[in-house]
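Below is one structure, written out as structure tokens; comments come after it.
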Amino acid sequence: MVEAGRSPNIELLSNTDFLALDGKPGAFTARVRVRPRYIIPEKCTACGMCAQYCPRHLVDGYNEGLALTRPIHIDYPQAVPASYFIDPKACMYLKNGTCMICLSVCQTRAINFDQQAEERELHVGAVVMAPGFGRIPDSALEKYSYGAHPDVVTSLEFERMLCASGPFEGKLLRLSDRRHPKSLAFIQCVGSRDLGCDNGYCSSVCCMYAIKEALVAKEHEPELDITIYYIDMRTQGKGFDAARIRAEDKGIKFVRARVAEVMPWGQQLKLAYSTLDGGHFFKAYDMVVLAVGLDAPADAAKLAQSAGFALNHYDFCQTTTFSPLQSSRAGVVVAGAFQGPKDIPESVTQSSAVAGLVSALTKQERGKGYVIKTYPQEQQVSDDEEVRIGVFVCHCGVNIAGVVDVPSVDQYVEGMEGVVFHAQSLYSCSQDAQEVLKQKIKEHRLNRVVIAACSPRTHEPLFQETLKDAGLNRCLFEMVNIRDQCSWVHANEPQAATFKAKDLVRMGIAKARHIKPLPEQTVSVIDKALVIGGGIAGLTAALSLADQGFLTSLVEKQPHLGGHLHDARYTLRGDDTAKILKNLINQVRKHQNIEVYLSSELGQITGYVGNFSSQIKGKKTDDQTTIVEHGVIVIATGGREHRPPRVLDAPIKYSDRVLTQNDLERRLAGRARNRAPGLVVMIQCAGSRGDDLSYCSKQCCNEAVKNALKIKEINPAAQVVVLYRDLRTYGYAEDAYREAREKGVLFIPYSLDPKPKLNAEGKAPEVAFYDPILREEVTLAPDLLVLSTGIVPEDTEELSKLLKVPITSDKFFLEAHVKLRPVELPVAGVYVCGLAHSPQPVEEIIVQAQAAAAKAAIPMVKGHVLVEPTVSTVDQPSCIGCGICEALCPYQAIRMIKDEKNKRKAETITASCKGCGICASHCPVFAISMGGFTDEQIKAQIKAFGAS
Amino acid sequence: MTSEEFNPRILGFLCNWCCYAAADGAGASRYQYPPNLRTIRIMCTGRLDPAFVFRAFVEGADGIFTGG
């Protein structure tokens, strides 16, 4: 968020309504209305003084109404823009023309009551719709006594209650009596899978967030008794089932039941629920959490009308399986929950993917109007030059000065070695303070700057920018945190806080004496991509890169493109897969930017982000080898249907009677007269979720429902029985699940204790299982026994070694960050998508491939990779070539080379270095130096620590 | 010296990405903790050379805190 706020190429229009969209792709005119915030964001320092003095209260919407705020407020401290705003419906001046107290207390004069709403026209090439999701209406919550009893809360409210910075500082309290609850129930599927409120879909995220909230609650209150009432536990995401098992291990109970109602009962709440076998039960709890689903945004219809795109029958944006992010209006794309309920990693993936789509749509205009800031020539600061330090101590309004005696800290530095100038500033981050800083740097010929203020994590880039503007290298800067880690946390101990601030400033100055300018380094990028794998993921990624204008080499080990999607004959939405795939392959083959290598694989690879060199070799020994130079790599090696030799402890012999879902699909798409016989039994999680594979393959439930419907279509008289553990038709696939049930497909849950018994070796398969509805053992002799066997990745181990990228214990590639960097691998310049990342349905594979292509395009669009100057450097004469650093580097950023005397030496690959310093701390001969964190600098800080 | 009088000087080495960020977060939430800690920000606790720890004790630290 901060990064988006800081980019000179992103204009943030918050507090703004979208009104209309005219024109066509490449030349849209969007009309928006910017509402007045009555505060000038550039002047507001978010010090909070105004809110302290504002006399009115306002229910705090950000905290779900559980706390109070003021009409002049900021939702939360990290909000972007970091500026307060005034709610005109609550402000006394804006309503009644009185008060104006804030105006006089605001020291930066940021408040402006004369602001008016402003209509603006924006000329854009494409539009991304990302309005998020809406709320489940309260009427759907009433049967659970929500609104009637304070201890029935929604999961959103519960989330705020558990939050350390929330209204109760993370303490779990009942709203009725502010006591800690002893027992708590979660009710799943509130407002989802519920035709009563017209939400027939599954919200996809509630099961997982309920588990998360339950685990957090358990951390706060280890004795708390927690039960989750659910229909199906839909923890289908990567690693999600493991979280469920962890929750069970922590004592959280899971009960498969439908909760009919919640009624107040003495000091408690009484749940009435029914289980699968028809039993009715009551149980009392201290508190009830409703796991509310994600509704369509409240203004979806208005948005769709003003932008001219279609909504689906649930009022989310309408898209298709194979163009999952394209709305019905060309040039308007969609990302996030508005495309369909989804979690954070998927939303982040979609947002990257739409950026790529937009980049392709607007590629003619690329670079036009792009703001690249220029700086004056950097002044040379040599090692033997006199150190001239300027120290600035910030008041931050009263945030620091209210606790720390700022004038005495300022006085304290007088006469310290190297300090030639020191001053105080009211707000050192304000625009005018930057001007003062620049002026003082020139006036006093400062060559080091120390600012004692807030956190370098938020403000270092701002001050470094000012240093660059003043012609100083940005590394000649040290920040001392006397707010976040001093005045704010020692508010009641002004003396001790002042003492600490002095210590910290002294340590900062000690370091500053040793800081050196570091070069701004860039690494050029070859604007060519390598995509490994020619299945749906690889094809989509290659096409997306090529459409964005980059030459792409696509390597496929099979003699043809398309991968395992050739096995799919139709989709849940009825798409003709073969036709679409053929079309896609044709587009790839004809694209002038794509070079296809069939029957080939990656031999060797050398280099680093921006400059890879890969050997592509044919699979036959006499095939020729090609060397490709490229800047980025997209891994799309895919996965395949698992064929476990044993299922539920029974040996399996695959035949025309015992098949996988893929086998069945092929059979159903054929012409055999008896292809959909009288009795078909499907077994879900056959070999998955601990049976053979440890994980859930995410798509098998959809596949089973799809094929069950197909059987019913071909032969309505056929009986289809699906034995399942949790039926995971998340999202809109729930519609198909409902349809299948309506058409008479029998869905029967099975337990693992005892497991169903299979006889699947001979010509007459048999299944015996306990039917919880009939409450008896049932034996079936189906015509077809169909196993939903899950997905395994294609060979990832070899590639993982070749590229030095990690894989999970399940052999899928492990992304750099599960939520924030879902398609990037820890090694810079390497991206992953599709089944090589995790099992997922085709729609999600396409999105992920588009996202990986978009991410991979970033360094190529820029033409270079910027390297933070704080990287390691090896002093090669001192290096003894032991290789410890190379082995320890988590980013493959150190390589061993031979010097001119043929001796082994370490060398940092600057482009890959993340500056962690593990190499420096482990080098036995101190040959590695960390830019900005040298031994000398840290030792000086330690020495200064002791010098009080 | 009684325990009431013992006012330890603790030197902390905080990882920029996690513990230092968390310490900022504690500030934003106005959590209060004893003012005995002085911190040195490093980019990863992997940077923490054991020699730094010994040196800090030599310089008079009563305890070392490391968070990463």
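Could you please give the count of residues in segment A:857-908 that are over 34 Å from the mean Cα position of the chain (by Cα), closer than 23 Å to residue A:474 by Cα and basic (Lys, Arg)? Selection size over segment A:857-908: 0.
Quick grid of which residues meet (1) at pLDDT below 95; (2) open to solvent by less than 40 Å² (accessible area, probe 1.4 Å); (3) touching a Pro at 6+ places or on another chain (Cβ under 9 Å):
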{"residue": "A:723", "(1), (2), (3)": "no, yes, yes"}
{"residue": "A:735", "(1), (2), (3)": "no, yes, no"}
{"residue": "A:748", "(1), (2), (3)": "no, yes, yes"}
{"residue": "A:753", "(1), (2), (3)": "yes, no, no"}
{"residue": "A:771", "(1), (2), (3)": "yes, yes, no"}
{"residue": "A:776", "(1), (2), (3)": "yes, no, no"}
{"residue": "A:784", "(1), (2), (3)": "no, yes, yes"}
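Is it fair to say residue A:509 is modelled with pLDDT of 95 or more, farther than 22 Å from residue A:399 by Cα, more than 7 Å from chain B (Cβ to nearest Cβ) and open to solvent by less than 10 Å² (accessible area, probe 1.4 Å)? Yes: the conditions hold for residue A:509. Total residues in segment A:792-834 satisfying the condition of being among the hydrophobic types (A, V, I, L, M, F, W, C) and either more than 22 Å from residue A:847 (Cβ to Cβ) or in contact with a Phe, Trp or Tyr (Cβ under 8 Å, 6 or more places away or on another chain) (or both): the figure is 10. Summed over segment A:14-51, residues that are open to solvent by less than 60 Å² (accessible area, probe 1.4 Å) and over 15 Å from residue A:73 (Cα atoms) total 15. The set of residues from segment B:54-68 being more than 17 Å from residue A:500 (Cβ to Cβ), surrounded by 18 or more Cβ atoms within 10 Å (Cβ to Cβ) and within 8 Å of chain A (Cβ to nearest Cβ) comprises just one member, B:55. Collect the residues in segment A:565-622 that are of a type in the set (Val, Ile, Thr), free of Cβ contacts under 8 Å to residues at least 12 places away in the same chain and not in a strand (DSSP E or B), keeping them in residue-number order. A:621, the sole residue that qualifies. Taken together, B:41, B:47 contain a single residue that is basic (Lys, Arg), under 26 Å from residue A:79 (Cβ atoms) and touching a strand residue (DSSP E or B) at 6+ places or on another chain (Cβ under 7 Å), which is B:41.
On inspection, residue A:881 does not qualify as in contact (Cβ under 8 Å) with a residue 12 or more places away in the chain, surrounded by 22 or more Cβ atoms within 10 Å (Cβ to Cβ) and on the phi > 0 side of the Ramachandran plot.
To keep it simple, each residue is scored yes or no on (1) surrounded by 15 or more Cβ atoms within 10 Å (Cβ to Cβ); (2) within 14 Å of another protein chain (Cβ to nearest Cβ); (3) part of a loop (DSSP other than H, G, I, E, B); (4) touching a Pro at 6+ places or on another chain (Cβ under 7 Å).
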residue	(1), (2), (3), (4)
A:108	yes, no, yes, no
A:113	yes, no, yes, no
A:132	no, no, yes, yes
A:143	no, no, no, no
A:170	yes, yes, yes, no
A:175	yes, no, yes, yes
A:179	no, no, yes, no
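Scanning segment B:10-53 for residues that are open to solvent by 10 Å² or more (accessible area, probe 1.4 Å), within 17 Å of residue A:940 (Cβ to Cβ), under 13 Å from the mean Cα position of the chain (by Cα) and of a type in the set (A, V, I, L, M, F, W, C) gives B:48, B:53. Checking each residue in segment A:52-69 for being in a loop (DSSP other than H, G, I, E, B) and open to solvent by 60 Å² or more (accessible area, probe 1.4 Å) picks out A:55, A:56, A:57, A:62. When you scan segment A:819-828, do you find a residue that is crowded, with 17+ Cβ neighbours inside 10 Å, touching a Cys at 6+ places or on another chain (Cβ under 9 Å) and assigned to a helix (DSSP H, G or I), even just one? No, segment A:819-828 has no match at all.
Whenever a residue of segment A:823-842 is in contact (Cβ under 8 Å) with a residue 24 or more places away in the chain, its partners that are of a type in the set (S, T, N, Q) and outside any helix (DSSP H, G or I), lying with C-beta atoms within less than 6 angstrom and at least six residues away or across chains, give the pairs A:827/A:892; A:836/A:637; A:839/A:697; A:841/A:699. On inspection, residue A:262 fails the criterion of being assigned to a strand (DSSP E or B), modelled with pLDDT of 95 or more, open to solvent by less than 50 Å² (accessible area, probe 1.4 Å) and within 30 Å of residue A:700 (Cα to Cα). Of all residues in segment A:924-945 being closer than 15 Å to residue A:875 by Cα, open to solvent by less than 40 Å² (accessible area, probe 1.4 Å) and more than 9 Å from chain B (Cβ to nearest Cβ), which is nearest to the chain's Cα centre (by Cα)? The selected residue is A:931.
When segment A:845-864 is filtered for residues that are in contact with a helix residue (DSSP H, G or I) (Cβ under 8 Å, 6 or more places away or on another chain) and open to solvent by 30 Å² or more (accessible area, probe 1.4 Å), the ones remaining, listed by number, are A:855, A:861. Of all residues in segment A:473-500, those that are more than 9 Å from chain B (Cβ to nearest Cβ) and over 17 Å from residue A:391 (Cβ atoms) have Cβ atoms under 7 Å from Cβ atoms of residues that are in a helix (DSSP H, G or I) and among the polar types (S, T, N, Q), 6 or more apart or on another chain, in A:474/A:464.
The values are calculated or read from the model by the stated rules, or taken from the named source; none is laboratory data. The model shown is predicted, which means the values in this text are computed figures rather than measured ones. We place every Cβ from the backbone using ideal geometry, glycine too, and count neighbours over all the protein chains shown. Calculation scope for accessible area: heavy atoms of the full protein, side chains included, ligands and nucleic acids excluded. Shrake-Rupley method; radii C 1.70, N 1.55, O 1.52, S 1.80 Å.
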